[in-house]
Each structure stands twice: as C-alpha cells, then as structure tokens.
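Taking it in order: structure first as structure tokens, then the write-up.
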Amino acid sequence: MAGPRKYWLMKSEPDAFGIDDLRQRGSEPWSGVRNYQARNFMRDQMQPGDLAFLYHSSCPQPGIYGLMTIAGPPYPDPTQFDRKSPYYDAASTREQPRWHLVDVKYQRHLKRPILLAELRANESRLKGLKLFSAVRLSVMPVAPEHWERILALE
C-alpha cells in the first residue's frame, strides 16, 4: 500500500448489486460510475487495501450492509467502450478513457445493517460525513474517526 489506509462509502442499489451478490462473487469491478467526483476518488485516491462500506441506496431501508476491500489499482471501466452497455460513452476512447473503476472484494456482512435513520440519529457524532451533504454521490471518502464510530454502532 502506497500510503495510509483510506476509508470509503460506496453506494449501490441492492436490486442491481448488493452485499449478497458481492459475497457470492467474491470480488467485482465497481463499474458504471458516471459522476466525475466519484470517478476522481476511485482513480486518484483509492489504493489496494483501502476499506469501504457497501451502502444500499434507493431501496426501502437504505443503509450500510457490509464491508469490502479495494482489491486492486484503478483502471479504465470497460463498460464505457461497450456500445451495448447502458454505461457506454461515445466520447471516451481507449487512449483517453473518461471513466475508471476499482475491483472490490467481499470482506463481510455487518452484524446488522446500519440504516440511514440510525446514521442520521448519530449525526452529531458523525459531523462532516459526506453521506449527509453529498447525498447523490455514489463514492465518497469516510474519515477514520467516522469509520470507527459507524462500526461501533454494529
């Protein structure tokens, strides 16, 4: 690992890809991110060995359901080149790809989900957590102290 371990929160809709899918597959490319800030986090800051919460979004009970490890360095997202993919980007080229991804590896389910309502109830202890201010961002950093406080809720 090049620097100190970083912590992340990565959102996915569980009907598209959830913690059970990741457990079954073991590891998976985190493809389809089409937000520049989220892309920049993956491309420029994520390192193999970093840890991430898997957050289920756009579902009846949004919240953190599991933990995963960043399994490798970032690389161009192949879905941007696939004309049949919903994530195809005609302006992206192999020489100058716009979109990058990282592979994530299943670590474990949480003992119980930590739902958004519980996170909000602890907002004073999680002051500055991007989940509260950047609600549409699908990949975001988590400060080490927030990581520990969230895991303590488990």
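Using the structure shown, decide if residue 121 is without any contact (Cβ under 8 Å) to a residue 12 or more places away in the chain and surrounded by 12 or more Cβ atoms within 10 Å (Cβ to Cβ). It is true that residue 121 is without any contact (Cβ under 8 Å) to a residue 12 or more places away in the chain and surrounded by 12 or more Cβ atoms within 10 Å (Cβ to Cβ). Which of the residues spanning segment 57-85 are part of a strand (DSSP E or B) and more than 17 Å from residue 25 (Cα to Cα)? Within segment 57-85, 63, 64, 75, 76 qualify.
Residues that are touching a residue at least 60 places away in the same chain (Cβ under 8 Å) and within 25 Å of residue 151 (Cα to Cα) were ranked within segment 61-112; the one that is surrounded by the fewest Cβ atoms within 10 Å (Cβ to Cβ) is 109.
With respect to the conditions (1) touching a Lys or Arg at 6+ places or on another chain (Cβ under 8 Å); (2) of a type in the set (Ser, Thr, Tyr); (3) at pLDDT below 95, residue 57 lacks only one, and its number is (3).
Residue count for segment 21-55 under the criterion of being in a helix (DSSP H, G or I) and either surrounded by 18 or more Cβ atoms within 10 Å (Cβ to Cβ) or free of Cβ contacts under 8 Å to residues at least 60 places away in the same chain (or both): the result is 11.
The values are calculated or read from the model by the stated rules, or taken from the named source; none is laboratory data. All figures in this text were calculated on a predicted structure; none of them were measured in a lab. So basically every Cβ, Gly included, is an ideal-geometry build from the backbone, and we count neighbours across all protein chains shown.
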